[in-house]
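Computed from the coordinates by the stated procedures, all read-outs in this text should not be read as laboratory data. For clarity, every value in this text was computed on a predicted model and none was experimentally measured. With ideal geometry, Cβ positions are generated from the backbone for all residues, glycine too; neighbour counts draw on all protein chains shown.
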Amino acid sequence: MISILIPTYNYNVFKLVASLHVQAKKLAIIFEINVYDDCSPNPVAENEAINSLENATYHKLKKNIGRSAIRNLLANNAKYENLLFLDADTQIIRADFLKKYLAAINKHTEIIYGGILYQSDPPPKSEILRWQYGKEREALPVPEREKQPHLRFLTLNFLIKKSVFSKLAFNEEIPNLRHEDTLFALDAKAKNIHVAHIDNPVIHLGLESSEIFLRKSRESVESLHSFVAQGLIKHNETALSKKAEVLKKYKLREVASVFYKTFKAAMEKNLLSSRPSLVIFDVYRLGYYLSL
């Protein structure tokens, strides 16, 4: 028995649901597929067709509640113990996707992360930065992910036991910006909740323009800075905040901040180009963190 849970916002999720539905029916398992739309201002009409599929529901919320709250709502309303969360902008690439998740479940299962892939061909120049970051930093093989099982866990493709989710859940008190998945993973680590990694990826389709990704990256840095200040994340729990603390320790914060402000435009020019450097991206984010 499995509850497949998909939050969406201004995105056509019917094709994803249909592919999951075919696999579930073929396996002859007890299942439900629940899609909650977070009050999209431009809802996709085709998503309504999800309601015509057996054991599948598309529900549009009356008000926007944010990424953390909608996932909690989906989990709380789910019928079954096995909860499979997928982001709307993912694509199933394996005919045995559901079968592989179900086969990985055992009596010790708490969280299982399947992984992520990105298209092999480069996207348009305007989307290169997001694609390159995803391929090099997120689309990691299982052995690499297992070195840091919690920090290498992303919430766009994972299975969790409902009984485990009830101890964890997503933090609804934080601003609806970034790092809700980081807090979720670190909370799991603090509570000794095991994250198992398997080779069962989806493709991430929702590539953003480099400009939008850069803006969201700054928002992510702001969120991380705020969470460290509030004690929600320890400075040694993420690579960025750990590096920042080292520079502070050696009285180099002001130097790094001045460097960032001096070379900000030049770094952004590189990051928005057709050949962005992830080393420059790291320096950019670190400098921004220290300038806050």
Checklist entry - Going by how many other Cβ atoms sit within 10 Å of their own, how do Arg285, Arg71 line up, fewest first? => result Arg285, Arg71
Item to check | Mean Cα-pair separation over length for region 211-291, i.e. relative contact order, pairs under 8 Å, 6 or more apart, % | outcome: 37
Checklist entry - Given charges of +1 on the Cβ of Lys and Arg and -1 on the Cβ of Asp and Glu, with all other atoms neutral, how large is the dipole of region 2-207 about its Cα centre, in debye to the nearest 20? => result 360
Checklist entry - In bins 10 Å wide, starting from 0, what share of all Cα pairs of region 147-292 does each bin hold, as a percent? => result 10, 35, 35, 17, 3, 0
Checklist outcome for this item: Percent antiparallel among DSSP beta bridges confined to the chain, nearest 5, equals 35
Checklist entry - What FRET efficiency comes out for the pair Cys39/Glu219, r = Cβ-Cβ distance, R0 = 25 Å, nearest 0.05? => result 0.75
Item to check | Charge tally in the Cβ shell below 11 Å around Gln132, where Lys, Arg are +1 and Asp, Glu are -1, Gln132 excluded | outcome: +1
Item to check | In order through region 184-190: 3J(HN,Hα) via Karplus (6.51 cos²θ - 1.76 cosθ + 1.60), integer Hz, x for Gly, Pro | outcome: 4, 5, 6, 5, 4, 5, 4
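In which sequence would Ile65, Ile29, Ile112 go, from the one with the fewest C-beta neighbours within 10 Å to the one with the most?
Result, fewest neighbours first: Ile29, Ile65, Ile112.
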Checklist entry - What net charge do the residues around Glu110 carry, taking every other residue with its C-beta under 13 Å from that of Glu110, with Lys and Arg at +1 and Asp and Glu at -1? => result +4
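What does the convex hull of the alpha-carbon atoms of region 140-215 project to on average, in nm²?
6.3
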Next on the checklist: At R0 = 51 Å, how high is the FRET efficiency between Asp282 and Thr57 if r is their beta carbon distance? Nearest 0.05 is fine.
Outcome noted: 0.75
Checklist entry - Considering only DSSP states other than H, G, I, E and B, which chymotrypsin sites (Phe, Trp or Tyr not before Pro) in region 168-246 qualify as loop sites with at most 16 other Cβ atoms within 10 Å? => result none
Next on the checklist: Suppose we take every Cα in region 211-291 and form the convex hull; what volume per residue is that in Å³?
Outcome noted: 82
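So how much slack lies between Asn192 and Leu27, counting 0.36 nm per residue of separation and subtracting their Cα-Cα distance, in nm? Working shown, then result.
Working: separation 165, 0.36 × 165 = 59.40 nm, distance 3.26 nm.
My answer for the length gained is 56.1 nm.
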Checklist entry - Under 26 Å Cα-Cα from Lys60, which lysines qualify once same-chain neighbours fewer than 8 residues away are excluded? => result Lys15, Lys25, Lys79, Lys161, Lys162, Lys216
Checklist outcome for this item: Expected vector for region 69-77, Karplus 3J(HN,Hα) from phi with 6.51, -1.76, 1.60 and θ = phi - 60°, integer Hz, x for Gly and Pro, equals 5, 5, 5, 4, 5, 4, 5, 5, 8
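Place the peptides 156-163, 204-211 in order of packing, highest mean first, counting for every residue the other Cβ atoms within 10 Å and averaging per peptide.
156-163, 204-211
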Item to check | All aspartates and glutamates inside 17 Å of Lys191 as judged from Cα atoms, apart from same-chain residues fewer than 8 positions distant | outcome: Glu110, Glu180, Asp181, Glu237
Item to check | Calculated from backbone phi, Karplus (6.51, -1.76, 1.60) coupling profile of region 54-66 in Hz, x at Gly/Pro | outcome: 4, 6, 10, 9, 10, 10, 9, 5, 7, 9, 6, 10, x
